[in-house]
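The values are calculated or read from the model by the stated rules, or taken from the named source; none is laboratory data. Bear in mind that the values here come from a model prediction, so they are computed numbers and not experimental data. Here the Cβ positions follow ideal geometry from the backbone for every residue, glycine too, while neighbour counts run over all protein chains shown.
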Amino acid sequence: MTIEATPSNRRTFAIISHPDAGKTTLTEKFLLYGGQIDLAGSVTARKDQRATASDWMELEKQRGISISSTLLQFDYGNCRVNLLDTPGHKDFSEDTYRVLTAVDAAVMVIDAGKGVEPQTRKLFEVCRRRGVPIFTFMNKCDRPTRPPLDLMDELEKVLGIEAFPMNWPIGTGPDFKGVYDRLHNQIQLFERTRGGAFAAPMQVGGIDDPALLARLDRPAQLEALDEVRMQDGAGSDFDPAAVLAGKITPVFFGSAANNFGVQFLLDNFLKYSSPPTPRNSSAGLIRPEDPRFSGFVFKIQANMDPRHRDRIAFVRIVSGRFERDMFVIHTQSGKRVRLGNAAKLFGNQRETVDEAVAGDVVGLVGNDLFGIGDTLTDDRTIVFDEIPVFTPECFAYLHNPQPGNFKRFRLGLEQLLKEGVVRQFTVAGGGQNAALLAAVGPLQFEVVQARLMSEYNAESRIDPARWTIARWWRTKGQPLPTLASCEETGLPDTPDGVRMVFDDKDRGMVLFVDEWALRFFTQRNTQIELSTQPIVA
Ligand SMILES: Nc1nc2c(ncn2[C@@H]2O[C@H](COP(=O)(O)OP(=O)(O)OP(=O)(O)O)[C@@H](O)[C@H]2O)c(=O)[nH]1
Ligand SMILES: [Mg+2]
């Protein structure tokens, strides 16, 4: 069946969580139930197992963690789904945050044995600030979990949001047999399948169905049934508008690894999440039904497919209609460009796309002009809001130990900078022949080294630098400092443990080894203002 190209049937969302809660596993199971794959792969793939579609990068397969967000576009029912699986690790959170600018909803996965974890809290905060509605999946119910009532309570208290259980787990750990669907007042009992590779067979019936009740005799299961009977109201109280307004999070219990509750989550997510939402721009709010074409780049990734060593810019379409070979204006350069080579993406696989609408994410292949945050449109007045940058907290010098290999080394590094994996800073006064790299977390340096090796065949050496705090600066009432202006006027007084640098947009920054150095610098330079965000002219 082909899906009509209209925004109303588009759903664009991210799966987010603290590391290891099961995002990639859940993504894989969505694909299994969506009919995109026949056999679900595993995150920690052994030799006899398939790897998942979303952890396609070599380093992800080796480590069993997600490093970079992955787009999986597929059709399910009468919807075209643009799903983004994100990495949970804090060191890669800038990528996750960029993805959150491009989606209309998030599925937040929680390990039900652990509850709300630090990264869950941070991501939740970002979603709330951006007004992104959240659907919660309480995963790993096949292992001993915290009592479901406690989990609900914690969600409400810690995140400050009302939690509405859409289903209720029946039993926990080995006794976890299924869920009670509160929308349809039904028990759903599941069978485990080998390795969770196939859809789990399910038996459905009412809460008084003797055939089902006969299978539920463990204390935890009986207790769950009592809890269900005690919950008042149920399905009819569910208020979908409050979900979209970010007042309520619907909560789904299940187990991604065992395919329990996965289809229920997917079906209800698609039913209750919203079609594409508007985005803010210099020309006001741009709505999906606006006939002018507009979109923005939120991610760049190279070398996804070893057969095509090229670069893909991920564009979220905000309004209008995308057609292959159309001409658009690239606002940042003012140039008119032809969008000749566009792809529908599924992990690292691609297919030519001829047409796309608001909500869709298309991959534009091979255009070197595009950077993260850039606007593509046929109306010059539209410029989308900038994608926020993170203040780096880790610094290191990257050396090229093979001078003869300079070209490949530089090519690789430039690509990784373009993707925003790390940033390169310029040291005032120069004198360093290694590149000073800045990152949110140290794992990003490992990714740089591994990708330089595997994608560019370039060796590298990393020397950690001692700075831990970075601030943008300017002299009060003066124009922003740039490398050129500082070479003329000189730099502020820098005590030991402080270094003046310029970021990748030539804005002046100061790096400090610790809080003490920061305080000392501030006392010595009272005419200077410091900021944790880039200072804009
Ligand atoms: N017991 C159990 N294990 C699960 C379940 N879902 C996922 N896991 C396991 O949890 C581990 C982490 O799963 P992933 O899907 O990689 O988690 P993630 O959230 O994508 O991790 P990052 O992307 O690295 O943050 C893997 O070993 C999974 O097999 C589940 O329902 N039950
Ligand atoms: Mg993952």
Tabulated pairs, region 55-83, first under 23 Å from Gly34 (Cα atoms), second within 12 Å of ligand 2 (Cβ to nearest atom) and of a type in the set (Lys, Arg), C-beta under 8 angstrom, 6+ apart or interchain: Asp55/Lys61; Ser66/Lys23
Residue that is nearest to the chain's Cα centre (by Cα), among those in region 95-118 that are closer than 16 Å to Leu26 by Cβ and part of a helix (DSSP H, G or I): Thr96
Failed item, numbered, when Gln231 is tested on (1) over 16 Å from Asp142 (Cβ atoms); (2) crowded, with 16+ Cβ neighbours inside 10 Å: (2)
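Would you check if Phe124 is within 16 Å of ligand 1 (Cβ to nearest atom), under 21 Å from His89 (Cβ atoms) and part of a strand (DSSP E or B)? Spell out how you get there, then give the answer.
Values: within 16 Å of ligand 1 (Cβ to nearest atom): yes; under 21 Å from His89 (Cβ atoms): yes; part of a strand (DSSP E or B): no.
So Phe124 does not fit the description; no.
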Region 27-42, residues that are surrounded by fewer than 24 Cβ atoms within 10 Å (Cβ to Cβ) and within 12 Å of ligand 1 (Cβ to nearest atom): Gly41, Ser42
Filter pass, Gly64 being touching a helix residue (DSSP H, G or I) at 6+ places or on another chain (Cβ under 6 Å) and surrounded by fewer than 19 Cβ atoms within 10 Å (Cβ to Cβ): no
Matching option when the condition is within 21 Å of Phe390 (Cα to Cα) and either modelled with pLDDT of 90 or more or not assigned by TED's automatic domain parsing to the domain that holds Val427 (or both), among Arg519, Arg466: Arg466
All positions within region 190-219 that are surrounded by 15 or more Cβ atoms within 10 Å (Cβ to Cβ) and in contact with a helix residue (DSSP H, G or I) (Cβ under 6 Å, 6 or more places away or on another chain): Arg218
Among (1) assigned to a loop (DSSP other than H, G, I, E, B); (2) crowded, with 22+ Cβ neighbours inside 10 Å, the one test that Val179 misses: (1)
Filter result for Thr12 (within 16 Å of ligand 2 (Cβ to nearest atom), surrounded by 24 or more Cβ atoms within 10 Å (Cβ to Cβ) and among the polar types (S, T, N, Q)): no
Flag if Val81 is over 11 Å from the mean Cα position of the chain (by Cα) and either at pLDDT 95 or above or closer than 29 Å to Ala220 by Cβ (or both): yes
Residue check for Phe327: among the aromatic types (Phe, Trp, Tyr), under 27 Å from Thr6 (Cβ atoms) and surrounded by fewer than 19 Cβ atoms within 10 Å (Cβ to Cβ): yes
Hey, Arg215 free of Cβ contacts under 8 Å to residues at least 60 places away in the same chain, outside any helix (DSSP H, G or I) and out of contact with any Asp or Glu (no Cβ under 6 Å at 6 or more places or on another chain) or not: yes
Members of region 58-83 that are out of contact with any Gly (no Cβ under 9 Å at 6 or more places or on another chain) and within 11 Å of ligand 2 (Cβ to nearest atom): Glu60, Arg63, Gly64, Ile67, Ser68, Ser69
Flag for Gly88 being assigned to a loop (DSSP other than H, G, I, E, B), among the small types (Gly, Ala, Ser), touching a helix residue (DSSP H, G or I) at 6+ places or on another chain (Cβ under 7 Å) and more than 26 Å from Ala53 (Cα to Cα): no
